[in-house]
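Chemist: Quick one: this structure, given as structure tokens, is what I'll be asking you about.
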Amino acid sequence: MARPGAPLLLLAAALGVCAFYYLGAGRESPAPAPAPRRLHLLMMFTKAARSSALQARGQAALRSLLRHARLEPGQALHLHFVSEPRSRQIAQGLLRPLLPGLPFPCQVIFHDVDVLTEQLFPVVEAMQKHFSAGSGSYYSDSIFFLSVAMHRIMPTEIERIIQVDLDLKYKTNIRELFEEFDHFPQGAVIGIAREMQPVYRHTFWQFRRENPQSKVGEPPPDGLPGFNSGVMLLNLEAMRQSQLYNQLLEPDMVRQLTEKYHFKGHLGDQDFFTMIGMEHPELFHVLHCTWNRQLCSWWREHGYSDVFDQYFRCDGQVRIYHGNCNTPIPED
């Protein structure tokens with residue numbers, strides 16, 4: 001394993017304004033001063049050698065992201081990848097033809113997935129049994145809760161970061177998504193779009209039966225359908241400062257809320273944010289559905305055809321497509 005902060009001098013001559021770094025412990029190498037305003041975007045890219053489909057999704061996402069990206073003078077894009085060594089090499093290969101000639105500064109930073117998992121485990125161990133697919137708190141599951149505790153492991157100089165899934169297609173300038181941070185209401189720490197299927201209508205069935213007047217699991221605009229973690233704006237500084245948010249990470253609070261809502265999920269951070277959003281919606285800035293236009297329609301054919309379109313409807317020009325559950329994304 002590489003030492004934290006050790007630079008990888010890759011493609012230096014070819015990339016010009018772009019640089020690669022490898023961060024074993026998530027610590028960023030010092031940047032030359034004066035530093036431009038940094039727009040941090042993070043994605044998980046692990047076990048890519050085992051999946052040509054994952055590589056294809058990553059290539060399509062990166063191509064559309066960089067094709068539409070336009071930054072203002074003084075801004076730089078910092079692309080963060082959470083990977084193991086083999087996936088890091090594949091990601092570098094995907095980026096090689098995309099980075100030269102970009103009209104803005106770009107830096108690519110790799111974080112070692114094993115080191116981040118080790119840092120996350122003490123924080124999220126207690127919640128894993130409630131929000132993981134397996135039974136019990138598997139050590140490896142911790143990485144699926146990265147967004148939940150990222151404010152505790154990223155360097156304090158990173159105040160805002162956007163975490164995205166790989167199965168996305170960008171139709172607009174990513175800078176516009178970063179501008180959503182400026183619309184966070186007082187007290188909000190995370191920007192996230194609603195779930196566009198009746199996933200949590202199903203998951204909260206027992207609570208809904210006991211509380212028939214509740215809006216929990218109901219469709220928008222008046223209901224609480226839960227969240228989808230394909231696109232997340234994390235105001236790390238606000239997360240660090242929020243006493244309420246950090247209290248909700250405590251094992252006793254997690255236990256109390258899962259018991260109250262009879263909650264048992266398998267979608268990691270998405271489940272946690274959905275559950276605490278039922279209790280404390282003020283912690284969230286709800287993104288318009290066009291920023292995470294989910295395409296999966298699995299629940300239409302699995303018991304919820306009568307209400308499905310109330311969740312799935314999304315009016316407006318799509319800015320990011322999300323091909324969740326391996327759903328094909330429309331061609332240009």
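The values are calculated or read from the model by the stated rules, or taken from the named source; none is laboratory data. Keep in mind the model is a prediction, meaning the values are calculated, not measured. All Cβ positions, glycine included, derive from the backbone under ideal geometry; neighbour counts span all protein chains shown. Quick note on the areas: whole protein, heavy atoms, side chains included, nothing else; ligands and nucleic acids left out. Shrake-Rupley method; radii C 1.70, N 1.55, O 1.52, S 1.80 Å.
Chemist: Considering the stretch 220-259, what Rg and Dmax in Å follow from its alpha-carbon atoms?
Modeler: Rg, Dmax (Cα atoms, Å): 13.0, 32.
Chemist: One-quarter of the Cα convex hull surface for the stretch 238-316, in nm²?
Modeler: Average of the hull's projected areas for the stretch 238-316 equals 6.8 nm².
Chemist: So what are the ³J(HN,Hα) numbers for the stretch 290-301, from phi and the Karplus equation (6.51, -1.76, 1.60; θ = phi - 60°), rounded to whole Hz, Gly and Pro as x?
Modeler: Karplus values, whole Hz, x for Gly and Pro: 5, 7, 7, 7, 6, 10, 4, 10, 3, 6, 4, 9.
Chemist: For the stretch 199-283, place one equal point scatterer on every Cα, skip the solvent, and apply the Debye formula. What is log10 of I(q)/I(0) at q = 0.11, 0.14, 0.15, 0.26 Å⁻¹?
Modeler: -0.30, -0.49, -0.56, -1.46
Chemist: Taking 0.36 nm per intervening residue step and subtracting the Cα-Cα distance, what contour gain separates Gln213 from His288 on full extension?
Modeler: 24.4 nm
Chemist: Express the Stokes-Einstein translational diffusion coefficient of the chain in µm² s⁻¹, to the nearest whole number, given a Kirkwood radius over alpha-carbon pairs, 20 °C and a viscosity of 1.002 mPa s.
Modeler: 104
Chemist: Take the Cα gyration tensor of the stretch 139-198, multiply each eigenvalue by 5, square-root it, and list the three semi-axes largest first, rounded to whole angstrom.
Modeler: Semi-axes, largest first: 20, 18, 14 Å.
Chemist: A follow-up question, please. Per residue, how many Å² of accessible area does the chain show with a 1.4 Å probe?
Modeler: Per residue, the chain has an accessible area of 45 Å².
Chemist: Given all pairs of different Cα atoms, what value in angstroms does the Kirkwood hydrodynamic radius of the stretch 142-238 take?
Modeler: One over the average 1/r among Cα pairs gives 15.4 Å for the stretch 142-238.
Chemist: Can you work out ³J(HN,Hα) from phi for every residue in the stretch 68-76, in order, using Karplus 6.51 cos²θ - 1.76 cosθ + 1.60 and θ = phi - 60°, giving whole Hz and x for Gly and Pro?
Modeler: Going residue by residue, I get 8, 6, 9, 10, 7, x, x, 9, 9 Hz, with x marking Gly and Pro.
Chemist: I want the local charge near Arg96. Using Cβ-Cβ distances under 15 Å, sum +1 for each Lys or Arg and -1 for each Asp or Glu among the other residues.
Modeler: That works out to +2.
Chemist: Charges only on Cβ, +1 for Lys and Arg, -1 for Asp and Glu: so what's the dipole of the stretch 174-332 about the Cα centre, in debye to the nearest 20?
Modeler: 360
Chemist: Moving on. Restricting the count to DSSP beta bridges whose residues both fall in the chain, what percent are antiparallel, rounded to a multiple of 5?
Modeler: Expressed as a percentage, antiparallel bridges in the chain total about 30.
Chemist: Say each of Asp252 and His183 gets a label point 7 Å from the Cα, pointing the same way as Cα to Cβ; how far apart are those two points in nm?
Modeler: 3.9
Chemist: What part of the accessible area of the chain, given as a whole %, is carbon or sulfur when the probe is 1.4 angstrom?
Modeler: On the chain, the fraction of accessible area on carbon and sulfur atoms equals 51 percent.
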